[in-house]
Amino acid sequence: MPAYHSAYNDDLESRQIGNMSLLPLRTRIRGPSAVITDPNEADIIDETLDLFRANSLFRNFEIKGGADRLLIVLILFVSDCLAKLSQPRTPPSQIEATKQLNTLAVDNFPLPGDVTFPLNSHYAPPGGRAESDFLRQYLTQARQELAARLVERLYADGTGKPSKWWMSFTKRRFMNRSLGA
């Protein structure tokens, strides 16, 4: 059974840095991303959260476009977020989880082309310093939005504890990789 790919692979209008698509986001967080104003329209963040659990079961992933490359980076970030929340003995409250994941989202992280980036063989590095800075700003904005929406899904049941259905994927590593958080 093949893994689930991004529906945005056919989007030819989005900007590309290296070979990664920079897709519009539905966000209130400031950053360089194009903004989707329709609250009912799905974006790459929604797609990441929808496909995370299914794709986490796969060790191999055939990359079919720039949106798949962005999807991989965001899925690996979700995996690191769940690992961060599972570290303490007692699960964090929703407010504590929001703080922890927001800190993780803005922490320094490797980009394609950096020595510590885990998937350098599948990603082209940014063309120069300006593109590298733009990519870092875009990914920081996407990571912040993803962290906020992940906390909403983790604590959606109203019990004050993270969902066991999400936390069960803590030990699973998509493609057996981690961004190193």
Output yes when any residue across segment 135-148 is at negative phi, open to solvent by 80 Å² or more (accessible area, probe 1.4 Å) and in contact with a Leu (Cβ under 7 Å, 6 or more places away or on another chain), and no when none is. no
For segment 9-36, what are the residues that are open to solvent by 30 Å² or more (accessible area, probe 1.4 Å), under 15 Å from K64 (Cβ atoms) and outside any loop (DSSP other than H, G, I, E, B)? N9, D10, Q16
Of the criteria (1) farther than 22 Å from R153 by Cα; (2) of a type in the set (A, V, I, L, M, F, W, C); (3) part of a helix (DSSP H, G or I), which one L70 fails: (1)
With within 19 Å of the chain's Cα centre (by Cα), surrounded by fewer than 18 Cβ atoms within 10 Å (Cβ to Cβ), under 28 Å from N19 (Cα atoms) and of a type in the set (V, I, T) as the only criterion, which of V115, V73, V78, V106 stands out? V106
If you take the residues in segment 149-171 that are open to solvent by 30 Å² or more (accessible area, probe 1.4 Å) and in contact with a helix residue (DSSP H, G or I) (Cβ under 7 Å, 6 or more places away or on another chain), which one is farthest from L25 (Cα to Cα)? G160
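The values are calculated or read from the model by the stated rules, or taken from the named source; none is laboratory data. Please read these numbers as outputs of a predicted model, since none were measured by experiment. Don't worry about glycine lacking a Cβ; one is built from the backbone with ideal geometry, like all the others, and counts go over all protein chains shown. What goes into the accessible areas is simple: the full protein's heavy atoms, side chains included, and nothing from ligands, DNA or RNA. Shrake-Rupley method; radii C 1.70, N 1.55, O 1.52, S 1.80 Å.
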